[in-house]
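Report on the structure given below.
The values are calculated or read from the model by the stated rules, or taken from the named source; none is laboratory data. Computed from a predicted structure; not experimentally measured. Because the Cβ atoms are built from the backbone with ideal geometry, glycine has one as well, and the counts that use them run over all protein chains shown. Protein only, heavy atoms only, side chains kept; ligands, DNA and RNA dropped before computing areas. Shrake-Rupley method; radii C 1.70, N 1.55, O 1.52, S 1.80 Å.
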Amino acid sequence: MVAVALAFVATAAQAEPSPADPLAALLARTGAVAKEVAKVRGLRLRHPIPNEVVDRAELRERLLAEASEDHTAAETAAHGIALQRWGLVPLDYDYPARMLDLLVDQIAGYYDSKTKKLTILDSAGADPAWAEMVLAHELDHGLQDQAFDLGKFEKLPDDDTDALAARHAVVEGDGVALMIEVMLAREGITMPWAVPEAAAAVVEAMSAPDATTRDSLDASPLAIREEMLFPYRDGFAFVTAIRRTRPWSAIDAVFRRPPRSTEQILHLDKYLADDKPIAVKAAGAAFAGYAVLASEVWGELGMRTFLLTHGVSTMVADTA
């Protein structure tokens, strides 16, 4: 989903003419690329990160199996109904099914903090430059996991959705910024974020993809697009705002003191000042004969998305 945003660095990933099987050749270099990523990111590679290649049919089966787990299935269904009731998606929008389709369509690779394994889609090999960036991005997640334990980092109470979105933005923003830095470092370009326009160009590209590349995510309701893009786009903006004047160790410190809200991701000054969100508790109880189906926390991201979906202008929604 960040392919369009990274078009301007794609040339940096181009190397020698592609071999007959570019993906196999790339994966054969996983160890070397992991060391390269570790050097740029400043994290120690404590042990090799295993990898595998799957096709989209296998990816769908895996995602479906995970989505079918009792807790995950109930949580996903409840979130979908909440989106419907708030008017963020149409009432007939099948959220679980649509999300499965979107993930299968959008994922080019992923790192699983449970299995400690990196998985690359076989289709990634069709574009060697893109496959190179995907590999660097996912290897960065492996290094994050070895250093900070991603399973623990992203474990919060189920209804603390705003804080979880903020933490996810740190993880993915780190990955996007890092993979671009790795590609540019190969060209002798270091500290690209010292020039604010460099990061702004990536954010703009992720915010407004070329109409000629319109895909399933672009065709989704705004709330779904924001849900999918926020960790990459705004997480990247957050990480590069820090990296503009500070080393990667400053991002390590963020993992140790995570942002408390999406507001802190959207406004770096709020994070630096540790401007704590004000907890809002629902008063009263469910009506007799009814039970609470879904309980979520909306921070700035949720409120902004709600206002934009219902026709409020961007300027007013941002201010509100």
Please give the number of the condition Val89 fails out of (1) under 30 Å from Asp149 (Cα atoms); (2) among the β-branched types (Val, Ile, Thr); (3) modelled with pLDDT of 95 or more. (1)
Could you give me the residue pairs with C-beta distances under 8 Å whose first residue belongs to the range 118-144 and is closer than 22 Å to Arg44 by Cβ, whose second residue is among the small types (Gly, Ala, Ser) and open to solvent by 20 Å² or more (accessible area, probe 1.4 Å) wherever it lies, and which are 6+ apart or on separate chains? His141/Ser113
Please give the number of the condition Glu227 fails out of (1) out of contact with any helix residue (DSSP H, G or I) (no Cβ under 7 Å at 6 or more places or on another chain); (2) surrounded by fewer than 17 Cβ atoms within 10 Å (Cβ to Cβ). (2)
Matching residues in the range 102-115 - criterion: being of a type in the set (D, E, K, R) and surrounded by 15 or more Cβ atoms within 10 Å (Cβ to Cβ): Asp112
The one condition in (1) open to solvent by 40 Å² or more (accessible area, probe 1.4 Å); (2) under 19 Å from the mean Cα position of the chain (by Cα); (3) farther than 30 Å from Ala185 by Cβ that Trp130 fails to fulfil: (3)
Kindly indicate whether any position in the range 185-193 is aromatic (Phe, Trp, Tyr), open to solvent by less than 10 Å² (accessible area, probe 1.4 Å) and assigned to a helix (DSSP H, G or I). yes
Which condition number does Pro209 fail, the rest of (1) crowded, with 18+ Cβ neighbours inside 10 Å; (2) at pLDDT below 95; (3) within 26 Å of Ile49 (Cα to Cα) being met? (3)
Taking into account only those residues within the range 274-306 that are assigned to a loop (DSSP other than H, G, I, E, B) and among the acidic types (Asp, Glu), which is surrounded by the fewest Cβ atoms within 10 Å (Cβ to Cβ)? Asp274
Return only the number of the condition from (1) in a loop (DSSP other than H, G, I, E, B); (2) without any contact (Cβ under 8 Å) to a residue 12 or more places away in the chain that Lys270 does not satisfy. (1)
Residue that is nearest to His137 (Cα to Cα), among those in the range 96-125 that are in a helix (DSSP H, G or I) and of a type in the set (Gly, Ala, Ser): Ala124
Any idea which of (1) open to solvent by 30 Å² or more (accessible area, probe 1.4 Å); (2) of a type in the set (Asp, Glu); (3) at pLDDT 90 or above is the one Asp215 doesn't satisfy? (3)
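Determine whether Leu64 is modelled with pLDDT of 95 or more, out of contact with any Leu (no Cβ under 6 Å at 6 or more places or on another chain), of a type outside the set (Gly, Ala, Ser) and outside any loop (DSSP other than H, G, I, E, B).
no
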Consider the range 1-42. How many of its residues are modelled with pLDDT of 80 or more and open to solvent by less than 20 Å² (accessible area, probe 1.4 Å)? 7
